[in-house]
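Inspection log for the structure reproduced underneath, given as structure tokens.
The values are calculated or read from the model by the stated rules, or taken from the named source; none is laboratory data. Given the structure is predicted, the values throughout are model-derived calculations rather than measurements. Using ideal geometry, Cβ is built from the backbone for each residue, glycine included, and neighbour counts are taken over all protein chains shown. All accessible areas refer to the heavy atoms of the entire protein, side chains included, with ligands and DNA or RNA removed. Shrake-Rupley method; radii C 1.70, N 1.55, O 1.52, S 1.80 Å.
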Amino acid sequence: MVLVVALLLVGAAVGLVYVGSEHAQPYIMGLLAILATVGVFSLFAIAAGILRFAGKDEGGPLFKTLVDNASDGLLVTDQGGRVFYANSVYLDLIEASGPDDVRPIERVFIGDPDVSESIYRLLKAAREGRRLQEEVRIAGAQAAGARWLRLRVQPLGESGQESRFTVWSIADVTRDRQRQENVFQELQHAIDYLDHAPAGFFSVDAHGSIIYLNATLAAWLDHDLAQVGTGSLKLTDLVAGEGAALLTTLNAAPGDVKTEVLDLDLKTRTGKRLPARIFHRIAFGADGAAGASRTLVLNRARDGGVDPQRAAEVRFMRFFQNTPMAIATVDKAGRIARNNARFANAFANGLKGDDRSIYMCVAARDRGDLEAAIRKAAEGHGDIAPVEAALSGTEERWASFFVSAVEEEDRDGEAAIVYALETTAQRTLENRINQQQKMESVGQLAGGIAHDFNNVLSAIMMATDFLLNAHRPTDPSFQDIIQIKQNANRAAALVRQLLAFSRKQTLRPQVLDLNEALSDLMMLLRRLIGERVTLTPALSNDLWPVKVDISQFEQVIVNLAVNARDAMPGGGTLTVRTANITAAECASFMTKGMPAADYVLVEVSDTGLGIPESIIDKIFEPFFSTKEVGKGTGLGLSTVYGIVKQTGGFIYAESRPGSTAFRIFLPRYIPGVEADAKPVEVPAIAGAASAAGDLAHAATIDLTGQGTILLVEDEEGLRALNARGLASRGYTVLEAGNGVEAIEVLEREGAIDLVVSDVVMPEMDGPTLLKEMRKRHPDIKFIFVSGYAEDAFSKSLPEGNMPAFLPKPFTLKQLVAAVKETMAG
């Protein structure tokens, strides 16, 4: 065609030469019009695909031979589904009658419902230019049987003209599918054989979950096979006691396969035990991690009726594996040869690694003692002393090791048998008892010191009262006396803290609104915590009343606030919250030991460092402190605990990083429910009370009186001061140094209006004196004074008609007020 066009153009040019220039122009314009028309139609033909230019290699004999002789049937179609090419294999597979009977894929399998969905997906992929593969089953005649065909579709090229064509391939995979079905059937037969074999079989992964369990073992143990593989069935559900530890503590070198033969008890779903011999096989990966196990189980419950020796062996192994004592045999170097389940569970550290050394179970500081004991056993010594050693690990644990020699010579290199009994609980109990006894001794010592010190303070405070009465405020020495009294009051407050620690202080409870008490305390708290800490009160409205000792309650809040300040060195927020807690709401606080009732909650919380979980149970123990040496006594929270407990309340701590809360639950006070307090209500001793203020207040109250008072006190100096003070107020005072002398004075004098007696005295103490005097004078009035708490001797007093009580130290005003109130009653 190109040559014809070229000859026509040359002929036209030669013809125009012979035509004159005057007549050639119309011919030239006509020729150009014809060429333009042919060019336009050629462009449309090329765009529509009617006219194509063949490449150099198109129709090459090598390419055609390769495609025609391919093993799969090949079909090339354009975007409209028209067949562009099909090889002979394709024609055979679709059973075409000849080259003229070529059909596209969708027309070959039209009307076959089993194939239509696959064909639809393939056609969709062809339109979208994607690759896709499907396998379809073609039903054939009864003689021929069904066929399996693999259909593939893919675009011919990524871009350009080739992207407009799609290549289909079709292959007969009937034999491959038959082989797969045969293999699957053989696998099903193998699983069926394994499921119903006369032995059990299970597989456990590295996390202890059962991933396979055959039907035989499931029937023995009465487990549901539906649980297998879901993670709900664990190794501990199959193995009784601590036997699972023997299976999970196996170690081997990376890449090795290890098999252990163990005699263990399995357990049924109902808890019954089944003796079994287990062949446990584990393959370890290149990183040393254990893979899934392959474990064979033989039922040994039937061996007893067949062979008595086997039955004896089963009984021994069950005893060996289920004994509560850890047992292991070791060689001279301490390597563990064999061990029971209890040992594997309690001393897993020694079973790690290839060495399996018993010395790894023991803390480094105690290994020498155990090494010496095993060395003696290897040398044949007997009567080896037990070794008490700390165990290795992060937790504090202890155990007693009993070592004995192996009598049989050269039995697998075993040199000694080690019996181990963990004594952690026993040691913890012993330490707790020792600590309790120590704290009881310290408490008794603190109470005794407080008693003696209270006597000294009482004398000092009484003497300062006399000096203040004898001096005017304008005297130069008056301020010095004020300082003496203030320091005596501070010392009295310290003694009260010491008694609070020993939980033997006398409380002066009064009914009050905690919101008012806390509001009065806020200014002091702000000074204590400093500017870096923000104090946020959250006081609830309509708070129920409580009955507490106001001074002791203030000490509780101050101690908690100071601790919170120390826990926030960089600053933070301190919140004091109150609320009413009903009996129904108590359970929401997860408090142990607190009965359900109505309480008033006082919560002191901070945003500090928090209290570690490992020590939060110890914070209320006396002398326990997390502060640096010299910066804390360890008595703060113990004092808080003692005060709250004596008040009848409960205190609990809750902490996490960035937040700590102390919650105090005080019983709600309901008038008439509880009896009125017996101790005489006297003014509390403040740490820095103003003596001048006391005198000014006393001047407005008439504290004089008349009557005969018997003063019984074994401290001669204190007795003289008290007698002087009472005599200065108009009373007739008789003195006695102990209970025996007091009886003699009573018998001699006869009429006595009031007895003011110490509690602890030689020859006859105060409670005994009270009993003897009431035998003679049943209506005689009594006031006990003591440096001990009232609870310390209340059990020795007669029930009903309890006498008044005035705790030491006391001022002259307090003594006179108590005497006047008692005589008036």
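Worth a mention:
- Among the residues here, T270 qualifies as in a loop (DSSP other than H, G, I, E, B), open to solvent by 60 Å² or more (accessible area, probe 1.4 Å) and at pLDDT 80 or above.
- Candidates A341, A372, A399, A326 - the one that is modelled with pLDDT of 90 or more and buried (at least 18 other Cβ atoms within 10 Å of the Cβ): A399
- Members of segment 235-280 that are within 35 Å of the chain's Cα centre (by Cα) and farther than 28 Å from E313 by Cα: A252, A253, P254
- Test: residue in segment 550-558 that is among the charged types (D, E, K, R), open to solvent by 10 Å² or more (accessible area, probe 1.4 Å) and at pLDDT below 90: yes
- Residue that is modelled with the lowest pLDDT, among those in segment 14-37 that are surrounded by fewer than 11 Cβ atoms within 10 Å (Cβ to Cβ) and of a type in the set (A, V, I, L, M, F, W, C): V17
- Here I358 passes the criteria (1) open to solvent by 40 Å² or more (accessible area, probe 1.4 Å); (2) touching a residue at least 24 places away in the same chain (Cβ under 8 Å) except the one numbered (1).
- All conditions in (1) farther than 22 Å from N515 by Cβ; (2) surrounded by fewer than 14 Cβ atoms within 10 Å (Cβ to Cβ); (3) modelled with pLDDT under 70 hold for A691, with the sole exception of (2).
- The set of residues from segment 642-672 being surrounded by fewer than 15 Cβ atoms within 10 Å (Cβ to Cβ), in a loop (DSSP other than H, G, I, E, B) and under 31 Å from the mean Cα position of the chain (by Cα) comprises P657, G658.
- Considering only residues in segment 559-583 that are under 21 Å from M594 (Cα atoms) and among the small types (G, A, S), the one that is modelled with the highest pLDDT turns out to be A579.
- Listed here are the strands (runs of 3 or more DSSP E) enclosed by segment 274-341 that have at least 3 residues being among the polar types (S, T, N, Q): 290-299.
- Any hit, segment 44-66, residues being out of contact with any Leu (no Cβ under 9 Å at 6 or more places or on another chain) and modelled with pLDDT of 80 or more: no
- Only residues that are in a helix (DSSP H, G or I), buried (at least 17 other Cβ atoms within 10 Å of the Cβ) and among the small types (G, A, S) were counted in segment 703-728, giving 2.
- Segment 730-746 - residue that is farther than 25 Å from A817 by Cα and touching a residue at least 12 places away in the same chain (Cβ under 8 Å) and, of those, least open to solvent (accessible area, probe 1.4 Å): I743
- Entry remark, segment 455-482: residues being open to solvent by 50 Å² or more (accessible area, probe 1.4 Å) and within 16 Å of Q814 (Cα to Cα) number 2 in total.
- Within segment 580-602, considering residues that are out of contact with any helix residue (DSSP H, G or I) (no Cβ under 9 Å at 6 or more places or on another chain) and outside any helix (DSSP H, G or I), the one most open to solvent (accessible area, probe 1.4 Å): K592
- Which listed residue is closer than 19 Å to A416 by Cα, among the polar types (S, T, N, Q) and out of contact with any helix residue (DSSP H, G or I) (no Cβ under 7 Å at 6 or more places or on another chain), from S404, S400: S400
- Long-range neighbours under 8 Å by Cβ, at least six apart or interchain, first residue surrounded by 14 or more Cβ atoms within 10 Å (Cβ to Cβ) within segment 297-310, second modelled with pLDDT under 70 and not charged (D, E, K, R): R310/G304
- Apart from one condition, T394 fits all of (1) among the β-branched types (V, I, T); (2) modelled with pLDDT under 85; (3) more than 29 Å from S614 (Cβ to Cβ); the exception is (3).
- Within segment 375-391, tally of residues that are under 21 Å from E430 (Cα atoms) and open to solvent by less than 60 Å² (accessible area, probe 1.4 Å): 4
- Members of segment 448-505 found to be in a helix (DSSP H, G or I), charged (D, E, K, R) and either at pLDDT 85 or above or over 24 Å from T647 (Cα atoms) (or both), listed by number: D452, D465, D480, K485
- Against the numbered list (1) within 27 Å of the chain's Cα centre (by Cα); (2) open to solvent by 30 Å² or more (accessible area, probe 1.4 Å); (3) hydrophobic (A, V, I, L, M, F, W, C); (4) within 22 Å of M522 (Cβ to Cβ), A564 comes up short only at (2).
- Selected residue [more than 28 Å from L266 (Cα to Cα), at pLDDT 85 or above and in contact with a helix residue (DSSP H, G or I) (Cβ under 8 Å, 6 or more places away or on another chain)] from T166, T174: T166
- Any hit, segment 178-198, residues being touching a strand residue (DSSP E or B) at 6+ places or on another chain (Cβ under 6 Å) and either of a type in the set (V, I, T) or at pLDDT 85 or above (or both): no
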